[in-house]
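Here's the structure we're looking at; comments come further down.
The values are calculated or read from the model by the stated rules, or taken from the named source; none is laboratory data. This structure is a prediction, so every number in the text was calculated from the model and none was measured. Here the Cβ is made from the backbone with ideal geometry for all residues, glycine too, and neighbour counts use every protein chain on show. The area values use the complete protein model at the heavy-atom level, side chains included, leaving out ligands, DNA and RNA. Shrake-Rupley method; radii C 1.70, N 1.55, O 1.52, S 1.80 Å.
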Amino acid sequence: MKILYHHRTRGEDAQGIHIRALCDAFRELGHEVHMVAPLQRRAPGRPEEAPSAPSSKSADDGDARPTLGGVPIPFWFYELLSLAYNLPAMILLLVAVLRHRPAFIYERYSLFSFAGRLVAWLTRRPLVLEVNAPLSLELQTHGDLVLRRLAQSIEDWLCRRADRTIVVTQAMADIFAARGVPSERLMVMPNGVDGAHFHTGVDGSAIREHHGLQEARVVGFVGWIRPWHGVDGLIHAVASLRARHPDLHLLIVGDGPAIPALRNQVAQQGMEACVHFTGPVERDAIPAHIAALDIAVQPDVTDYASPIKLFEYLALGRAVVAPDKPNIREVVQHEQGALLFPPRDWGALAEQLERLLTDDAWRQGLGEQAVALVDSRGYTWQANARHVIESVQQVASPIRGAT
C-alpha cells in the first residue's frame, strides 16, 4: 500500500521515536510511506517526501511552553497558530494525495489539527487517527490551555469521525468512550519496540566501563526527563538504600527540563559519587545504556500513557520496577514481568529495589519473564504496523490505483 503519514510534531523524544519506528515498520512490511510534516528529515534511500509545511512547536506530549522559531510565545497565540495551520496543511495534504494516491491517510493527532480529516473526506480516503494523549485534558494539567472547549470539541469530533482512532492504552480508550466516542471506532494499540536493536544480545559492558561501574549494582532510568517522570523520587529511593548497598549506583540516561533540579538534588544529598548523568545520548546508543542496567525503573507515568521505555526495558531483559497504575498493568502484572509499587510511594519503590538487589536469581528470572512477555504479546512496531493495515482493510474497500 501507499500510506500518507501526516504529523505536526517536531519533538526529538518519544514522539520522534514513535513516528520513525512506525514508518520504518510500514516500509519493512513492503509498504510505501510518504510524509507531510512541518520539519522534514530525508534519509538516504527513502521515497521523496512531501514539501515542508510552516509550523510552530507541537504541544504533543505536554511540552510546557510552545515556541515559534525557538522563541517562547503565549499559549493563546500558539492556539491561534495551530488553528491557522490547518489551511496550509490542507493544501499540502491535497497535493500529496493527488500526487501519491495513497490507500489511506495516517495522522498523528495534534492539538487543533483537523486538516487530515477534511482531506480524507474530500478525497474519499480512510483516515487512521493515532492519539497518544488526550491533549485537551493533558494541557489543562501540564500546560495552560486557553480555548479549552474548542480544543476538546475538535478532539472529540476527530475521534468520532476517523475511520479508526488508535489509542495507546485502554485507560485512554475509556476517557474517550466516556466523552461519547463510539467504542467500535477505538482501537487500543500499545507502543512497541524494535526487536532488531533492542534484544538480550546487546552488550552494555562498554557503558559500565565508561562510567566506572564494572563492579557496581546499577539502577537506572532512560528517557527524556520531565518533572512528572518521578526521577526525583528514584533518587530518593536509591539514597535510602546506599547504607545497606554501598556498591549501588544510579545511571540517569538522557536530557530534559528536569535535569537541573535533579543535579541540585543529588548535590544537596551528597550523592555525586554514585549518581551518573549521561546527558543527551544518540538513539543508536540507547540499547547499550539499557543493557548496562541491572534494574530499569519507570518511576512514574501519566495515567493514560504507554511509555516506550517500558517496552525497551522488557525487550532487553532488564528487571523492571514500575508504578502500579492501570495503564502499566495492561502490559505487566506485579511479579509477572515487573515489580510494581504504589504510585509515588518512594519508600515502596525502595522496597522493591531491595528485593532485586538481594536476590540475583529473582532479578534474572524477572528479566527472562520480561523478554517472554514481549515475544508472546507481540509488543513490536512491526506487529503494530500489521494491525493498522488490517484495520484499514476492515473498514474500507480498495481504492483504484492506491496499491
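General remarks:
- Length released on extending from R283 to S376, taking residue separation times 0.36 nm less the Cα-Cα span: 30.9 nm
- 3J(HN,Hα) along the range 92-101: 5, 5, 4, 4, 5, 5, 5, 6, 9, 6 Hz, from the Karplus curve 6.51 cos²θ - 1.76 cosθ + 1.60 with θ = phi - 60°, whole Hz, x for Gly and Pro.
- Relative contact order computed over the chain (Cα-Cα under 8 Å; 6+ residues apart), in percent: 16
- Expressed to the nearest 5 percent, the antiparallel share of DSSP beta bridges inside the range 203-292 is 10 percent.
- In order through the range 261-274: 3J(HN,Hα) via Karplus (6.51 cos²θ - 1.76 cosθ + 1.60), integer Hz, x for Gly, Pro: 5, 5, 4, 5, 4, 4, 5, 5, 8, x, 10, 4, 6, 10
- Label-to-label distance, nm, for residues given as L150 and L94 (7 Å Cα→Cβ offset): 2.2
- Separation of alpha-carbon centers, the range 359-376 and the range 290-315, rounded to whole Å: 14
- Summary: within the chain, the longest segment free of GluC sites (Glu not before Pro) located in DSSP loops with at most 11 other C-beta atoms within 10 Å is 49-214.
- Axis of helix 231-241 versus longest Cα principal axis of the chain: the two differ by about 20°, to the nearest ten degrees.
- Within the chain, longest stretch free of exposed trypsin sites (Lys or Arg not before Pro) [DSSP loop, at most 14 other beta carbons within 10 Å]: 125-243
- Working from label points 7 Å from Cα in the Cα-to-Cβ sense, the D174 to H197 distance is 3.3 nm.
- Heavy-atom accessible area per residue - the chain, 1.4 Å, Å²: 42
- Simple Cβ-charge dipole of the range 270-351, Lys/Arg +1 and Asp/Glu -1, about Cα centre, in debye nearest 20: 120
- Three-way shape label, the chain, alpha-carbon gyration tensor, a/c 1.5: prolate
- The range 259-403 - convex hull of alpha carbons, volume per residue in Å³: 163
- Leading residue at positive end of dipole, the range 158-285 (Cβ point charges), from A261, V231, G180: G180
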